[in-house]
Structure formats: C-alpha cells, structure tokens
Amino acid sequence: MRFTRDHEWVALDGDVATVGITAYAAEQLGDVVFVEVPDIGKTVAQGDGLAVVESVKAASDVYAPISGEVVEANGELGDAPETVNAAPEAAGWFAKIKVSDPSQVEALMDRAAYEDYLGTL
C-alpha cells in the first residue's frame, strides 16, 4: 500500500490500483454521510478530482493519486457511506484504476514514510 500527502492510499494488484482515503482522513472528516464515486471509463491524471466525500463536518474532494482509467467504482458506498469510516483502508475504497504510469505508484510514500509524515501534522 502507498500513500499521498493528501491522505489517499493506493493498493496495486498487477496493473490495477485500488484507491481510497486513509484512516487518518476518515477520522478527520468525521461521520461520512455521502460519497460520489467516479464513472467507469473516466480517465484521470494524477492530481485530478476522483471522488467526493461529504461528512457532517465538510465536503472534500478525493484526488487521483495516479493516472489511469477507472475500471471499477465502489457503488456500495452510495447506500452505505459509513463504510468509509468503518473500513477506510479496506471495504471503503472508492475506485479501481488501470494504471497508465507504474512509476507514479512507486513514487508515493510507503506506510512508514506516511506514518512519519502524519507525525509532522
């Protein structure tokens, strides 16, 4: 699993990356009440808006940590947005992206580096 400074995570399986937000991000948001996932077939560049998460505190964009094409979206979140809070780094994933540039994944932080980064916040 790799991480961004914006608190997204990426788990690579072959050339498809599952993307979600970290436990830290879910905790900061508070109770998630709405999630908008991307359309299948959408092409995203690293840093583009990928999804939207609304909580009782705020609405936040989730940015694409890597470039590629959305090949699957977690439609379950529409009916159960609380899954993002309950399992942010597992069942609360947002989208699966076919990776167009694998070097982008390698450039992200590993868990140890991400934990160190959280210590600076």
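Only the coordinates and a few stated rules stand behind these numbers; no lab work does. None of these values were measured; they are calculated from a predicted model. Don't worry about glycine lacking a Cβ; one is built from the backbone with ideal geometry, like all the others, and counts go over all protein chains shown.
Observations on the model:
- Treating r as the C-beta distance of E54 and A90 and R0 as 25 Å, the FRET efficiency rounds to 0.75.
- With 5 Å bins beginning at zero, the pair-distance distribution over Cα atoms of the chain amounts to 2, 13, 24, 25, 20, 12, 3, 0 %.
- Ranking I97, V19, I66 by how far each Cα lies toward the positive end of the dipole of the chain (charges on Cβ) leaves I66 at the top.
- Rounded to the nearest 20 debye, dipole of the range 1-101 from Cβ charges on Lys, Arg, Asp, Glu: 220 debye
- For V99, nonlocal amide neighbours, meaning residues 5 or more places apart or on other chains whose placed amide H falls under 5 Å from its own, are V16, A17.
- Among residues other than G41 with Cβ under 11 Å from its Cβ, the summed charge is -1 (Lys and Arg +1, Asp and Glu -1).
- Annotation for D79 and D39: the two label points, set 7 Å from Cα along the Cα-Cβ direction, are 2.3 nm apart.
- The distance between label points at A107 and T120 comes to 1.7 nm (points 7 Å beyond Cα on the Cα→Cβ vector).
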